[in-house]
Amino acid sequence: MSLRVGVVGGGQLARMMIAPAVELGIELRVLAEAEGMSAALAATAVGDYRDPDAVLAFAEDVDVITFDHEHVPQPVLRAMVDAGVAVHPGPDALQYAQDKIVMRTRLAELGVPQPDWAAVRDAAELQAFLDDHGGRAVVKTPRGGYDGKGVRVVSAASEADDWFAEFSGEPLLVEELVAFRRELAQQIARRPSGGMGTYPVVETVQRDGVCAEVFAPAPGASARTVELSARIAADIAAGIGVTGMLAVELFETVDERLLVNELAMRPHNSGHWTQDGAVTSQFEQHLRAVLDLPLGATETVDAAAVMINILGGPQGEEITDRIAAAAAEHPTAKIHTYGKSPRPGRKVGHINAVSDELDDAAYTARAAAALFD
Ligand code: ADP
């Protein structure tokens, strides 16, 4: 009988696990939030990921449960573990991707380099942090933020009053405003039995808090940066017991320090380039890792890979025409679409391009993605 992986969440990350699952002879099942989601091409059940009964029923017929997102509540995760379900990543690891204050606390214990931070309960505590850090800082809601929502640069404590009211009693995270040279991301896979597979560190470019472009490997990264980012990711993966893919988002400062921004315990937008630019894609690697199968090679297949997100995208039928136009004009561009209806700023697909020259890959990927504007 083939191995069965159950993915909670029906978004594009689950969708992109389908192709490697087919190749590896893995049966992929998805618990989607609604009909017709991105991952509906796989065997899909519809159910609420916050409902322990729905999730436990879904988990009954699979060998391992994994995730398209990090929002499954801890009690639901723990109910699965208590029922004997193999859950990867498990609740102990996932808590660090669910709450940024819990993450910062643990990273501090592990001695991992990160921005100065504090958990602040009221405007006075926030003001004290601002006073100590040059009058500006980054305030974050510890839970539920994504794509820059829940992140705010403030220069007065009153600018976070609405969040203090909304999260009454719960602390907010405040961080020093890092003057970074650029943002990097380090992907690493870890098996339950401990083996790890490290990808080359990449550069990510965000626009309006959303990942827009990824360059792999990170152009001009020093040997020290490459080694250090790999070591930081391996220390975190082992230190918090992650299983499956881990993405570590990093700031590279002007003086070449690396500071951890945040963690994602699943395939991540900064790793989409691996579909065409690495021997083993992050989606295949995630499946291998959660099933505790030997990991695939993580080397790049050429000198450079560039990923450009398609944000918003054209309406209705038009996407089919755009795909045809991009295919015709840029035959080396690899087009990935998510089957999502367009909305301003929404991630509806991405383009990967791989080349022996960074400029060539960047031009191809950008030009093909521009056809979807
Ligand atoms: P999300 O969970 O929404 O992805 P992040 O914590 O990754 O939020 O922050 C989103 C973006 O905001 C980052 O990619 C970075 O560009 C900027 N940012 C976050 N924290 C800091 C910081 N401490 N200093 C400077 N910029 C930051």
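The values are calculated or read from the model by the stated rules, or taken from the named source; none is laboratory data. The structure presented is a predicted model; accordingly, all values stated were derived computationally and were not measured. Neighbour counts are summed over all protein chains in view; Cβ atoms, including those assigned to glycine, are modelled from backbone coordinates with ideal geometry.
Of note:
- Yes/no for L184 being away from the ligand (no atom under 14 Å from the Cβ) and either closer than 23 Å to G111 by Cβ or not hydroxyl-bearing (S, T, Y) (or both): no
- Unmet criterion (only one of (1) touching an Asp or Glu at 6+ places or on another chain (Cβ under 9 Å); (2) surrounded by 17 or more Cβ atoms within 10 Å (Cβ to Cβ); (3) assigned to a loop (DSSP other than H, G, I, E, B)) for L295: (1)
- Looking across the stretch 299-308, the residues that are within 21 Å of E213 (Cβ to Cβ) and either among the acidic types (D, E) or surrounded by fewer than 20 Cβ atoms within 10 Å (Cβ to Cβ) (or both) come down to T300, V301, D302, A303.
- Only one of the listed residues (V242, V248) is assigned to a strand (DSSP E or B), touching a residue at least 40 places away in the same chain (Cβ under 8 Å), crowded, with 24+ Cβ neighbours inside 10 Å and not charged (D, E, K, R). That residue is V248.
- Residues in the stretch 145-170 that are near the ligand (Cβ under 10 Å from one of its atoms) and surrounded by 13 or more Cβ atoms within 10 Å (Cβ to Cβ) were compared, and the one that is farthest from the chain's Cα centre (by Cα) is R152.
- Among the helices (runs of 4 or more DSSP H) confined to the stretch 10-118, the ones with at least 3 residues that are farther than 23 Å from H272 by Cβ and among the aliphatic types (A, V, I, L, M) are located at 52-59, 74-82, 100-110.
- Residue list for the stretch 288-320, restricted to those being of a type outside the set (A, V, I, L, M) and in contact with a Lys or Arg (Cβ under 9 Å, 6 or more places away or on another chain): R288, D292, P294, G296, N309, G312, G313, P314
- Counting only residues that are touching a residue at least 24 places away in the same chain (Cβ under 8 Å) and either among the hydrophobic types (A, V, I, L, M, F, W, C) or not in a helix (DSSP H, G or I) (or both), the stretch 119-133 holds 10 of them.
- A179 being among the small types (G, A, S), more than 15 Å from the ligand (Cβ to nearest atom) and over 29 Å from P89 (Cβ atoms): no
- None of V120, V154, V202, V102 is modelled with pLDDT of 95 or more, within 30 Å of G296 (Cβ to Cβ) and out of contact with any Asp or Glu (no Cβ under 8 Å at 6 or more places or on another chain) except V202.
- Complete set of residues in the stretch 168-220 that are closer than 30 Å to D63 by Cβ, in a loop (DSSP other than H, G, I, E, B) and hydroxyl-bearing (S, T, Y): S193, Y199
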